[in-house]
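Beneath this line is the structure, given in structure tokens, with notes to follow.
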Amino acid sequence: MCNMSILNDELNIVKDAFGLINKTKCSGDEQKIFRGYKKEKYKLPDDVMVSEKDGAFYRIKEVEIDITMEEFTLILLHRQLEYMKVIKNCLIFIVVIAIIALLSGLLLINS
């Protein structure tokens, strides 16, 4: 069975990457308390996340957006399409370089 806490943490990381949450760094006392929670494997409060970059704890708040869920889904689909185009172009570049290297190798062997 999947741990919901892990899924919630991953969702917060994705939301942070897309700028959908506001983060405020926790105070020094809160940092100590939450480090103790992590050490004892207790669940963090829902409004607290750990930064992957610096390991600090942050209070999070959802960003209010004035678009419908359908519009938001379309934006995400467009981003996915853009990323797929970048991946496709990178693969084409790698294949072209591989073909050039292969042809260069064959020319060197034959000469």
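Here, each number is a calculation from the coordinates, and none is a lab measurement. Computed from a prediction, not measured in an experiment: that's the story for all the values here. Cβ sites come from the backbone with ideal geometry, for glycine too, and all protein chains shown count toward neighbours.
Can you tell which of V86, G36, S51 lies farthest toward the positive end of the dipole of the chain, using +1 and -1 charges on the Cβ of basic and acidic side chains (Lys, Arg; Asp, Glu)?
G36
Restricting everything to alpha-carbon atoms, can you work out Rg to Rh for the stretch 65-111 with a Kirkwood hydrodynamic radius?
Answer for the stretch 65-111: 1.48.
Can you classify the stretch 4-62 as rounded, prolate or oblate using the Cα gyration tensor, where a ≥ b ≥ c are the square roots of its eigenvalues, rounded means a/c under 1.5, and otherwise it's prolate if a/b beats b/c and oblate if not?
oblate
Could you state the angle between the C-alpha long axis of helix 4-17 and the longest principal axis of the C-alpha atoms of the chain, as a value from 0 to 90 degrees rounded to the nearest 10?
70
Roughly what would the spin-label model give for L106 and K39, points 7 Å off Cα along C-beta, in nm?
Between L106 and K39, the label points sit 6.4 nm apart.
Considering the zone a paramagnetic label at K85 would reach in this model (a point 7 Å from Cα along the Cα-to-Cβ line), which residues of the stretch 17-43 have amide N under 20 Å from it?
Counting only backbone N, you get no residues.
For the stretch 1-62 and the stretch 89-111, compute the distance between their C-alpha centroids and round to whole Å.
Between the Cα centre of the stretch 1-62 and that of the stretch 89-111, the gap is 47 Å.
With a cut-off of 8 Å between alpha carbons and a minimum separation of six or more residues, what is the relative contact order of the chain in percent?
The value is 22 percent.
Where the eigenvalues come from the Cα gyration tensor of the chain, what are the semi-axes √(5λ) of the equivalent ellipsoid, largest first, in whole Å?
Square roots of five times the eigenvalues give 44, 22, 12 Å.
Determine the dipole magnitude for the chain: charges of +1 sit on the beta-carbon of Lys and Arg, -1 on that of Asp and Glu, nothing else is charged, the reference point is the Cα centre, and the result goes in debye to the nearest 20.
For the chain, the charge dipole is close to 520 debye.
Among L44, L81, L91, which one shows the biggest mean-square fluctuation in a GNM of the chain, springs joining Cα atoms closer than 10 Å?
L91
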